1. Taking the condition surrounded by fewer than 20 Cβ atoms within 10 Å (Cβ to Cβ) and in contact with a helix residue (DSSP H, G or I) (Cβ under 7 Å, 6 or more places away or on another chain), does Leu238 pass?
2. What are the residues in the range 336-391 that are under 16 Å from the mean Cα position of the chain (by Cα), buried (at least 23 other Cβ atoms within 10 Å of the Cβ), aromatic (Phe, Trp, Tyr) and closer than 26 Å to Ala131 by Cβ, if any?
3. Hey, Gln107 hits all of (1) buried (at least 24 other Cβ atoms within 10 Å of the Cβ); (2) of a type outside the set (A, V, I, L, M); (3) modelled with pLDDT under 95 but one; which does it fall short on?
4. Identify the residue in the range 324-335 that is of a type outside the set (A, V, I, L, M) and part of a helix (DSSP H, G or I) and, among all such residues, is surrounded by the most Cβ atoms within 10 Å (Cβ to Cβ).
5. Which residue out of Ser343, Ser291 is among the small types (Gly, Ala, Ser) and modelled with pLDDT of 85 or more?
6. Pull out all pairs, ordered by first then second residue, where Cβ-Cβ is under 6 Å, the residues are six or more apart or on different chains, the first lies in the range 260-279 and is on the phi > 0 side of the Ramachandran plot, and the second is open to solvent by 10 Å² or more (accessible area, probe 1.4 Å).
7. Looking only at residues in the range 297-311 that are part of a helix (DSSP H, G or I) and open to solvent by 10 Å² or more (accessible area, probe 1.4 Å), which one is farthest from Arg210 (Cα to Cα)?
8. Could you list, in sequence order, the residues of the range 274-294 that are crowded, with 17+ Cβ neighbours inside 10 Å and over 23 Å from the mean Cα position of the chain (by Cα)?
Amino acid sequence: MNMNDNNLSFKLLLISTWFLGVMAVKFILPSLPNIADQLHTTQTLAKYTISLFLFGKAVGMLLVGPLSEKYGRKIFMLIGLAFFTLGNIFAFTAHSIITLLIARLIQGLGVSATVMIGRAMINDKYKSNKAAIVFSHVFLAASVIIAFLPMLGSTIANHFYWQTSFIIMAAYSTFIFIMCYFFLHETHAHEPSVTLTMSNVFSYYKTITRHPIFLGYVLCSIFMIAGESAFNTASSFLFIKTYGMTKTSYGMVITSLDIGHLIGTLICSFLVRRYDLVNMMGTGVIILAVSTLLMALFCVLGFFDLSLIIIPMIIYYVGTGFVMTITAVGTALPFPTLIGISSAAALSLNFTFSALSSALMSHLPTTTAVPVSLLIAVFGSAAFMSWYLLVLPNRGEKTKYYDMKQTQLATR
């Protein structure tokens, strides 16, 4: 097998794991009202199936990142897939909301490994703008698949019991586990010399999160994904319960958002060849801020036409295509020997705030679009300010690199 074949199989395997986290959300969004009714629980607890899943993603990454630096990437990809499968089987058998919430937490722990390891593997194999190009290819391919997930979720919600989505996800992740076991190659050799004491791990995370370049990029993505999470948590109840939208129409709306993300990723994949990461991130956050502020303005002024919510959110998702692609590279740039830990820190912070945003939205009313539109507008504006105050001023500065083996900072 030649190098191009190796690269293609590597990308295809990562793509197959890339959208598991999105699948675990998009598949059940149309079924949330049914879950609340059939499990005899409140809308708030039903929404917590999203929050706890995201919390599991955030917590798991903090463990997987350092461990993958010492023991390699592949083993934790496999462990993550196994946990995800187990969580889906557990959810399929759930007869109470508490059991379902525990299952969702297990799913989140599993996805934490697949999400983090995939990004670390790309940064292991490729560097800087080349990594950004590869990320854009993977995000683009995954976005095509993701665009169909809401419609599939709506079809399941319309014609089958809500548990069906979980057994489908379990079967898929089992198949991917087998493929990765035989065909996914290690990108980070086992490092016996790496010492993973609590103090060392804490020191790594402390150094990473204090780096201005890391902090700037990660804050942009934190506020972006918090906006996504708020919308995902509220949308099914807002559109289906409040506005009387059918599940099929709701699936089409969510699909249109994912197509927006795909378009943003596609545009970014072309522009990143010509422009630097700072400009690309700036483009993304400006799109986030403008679209969400317009949506909030329409809602506050009393214009409750659904198109004035849907169209700005499609534009918002175009911006997410830029932000997600650039963040995947920007947060790892200062730490070439700490790629796993820096990826874990970035993703854990993302999903921690995503879970908090989802939890907050779970307690806000969805009888009108005003609360969710205002919350998302705050997040969109905060993403822009993070870029303006932290990323843009550091454009011309030399990057500091952290060497894990020497445990000291060195400047290239």
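The values are calculated or read from the model by the stated rules, or taken from the named source; none is laboratory data. The model shown is predicted, which means the values in this text are computed figures rather than measured ones. In this analysis, Cβ positions are derived from the backbone assuming ideal geometry, glycine residues included, and neighbour counts consider all displayed protein chains. Side chains included, ligands, DNA and RNA excluded: accessible areas come from the protein's heavy atoms. Shrake-Rupley method; radii C 1.70, N 1.55, O 1.52, S 1.80 Å.
1. no
2. Phe351
3. Going through the list (1) buried (at least 24 other Cβ atoms within 10 Å of the Cβ); (2) of a type outside the set (A, V, I, L, M); (3) modelled with pLDDT under 95, Gln107 breaks only (3).
4. Per the stated criteria, the residue is Thr325.
5. Unique residue meeting the criteria: Ser291.
6. none
7. Ser307
8. Correct list: Leu294 only.
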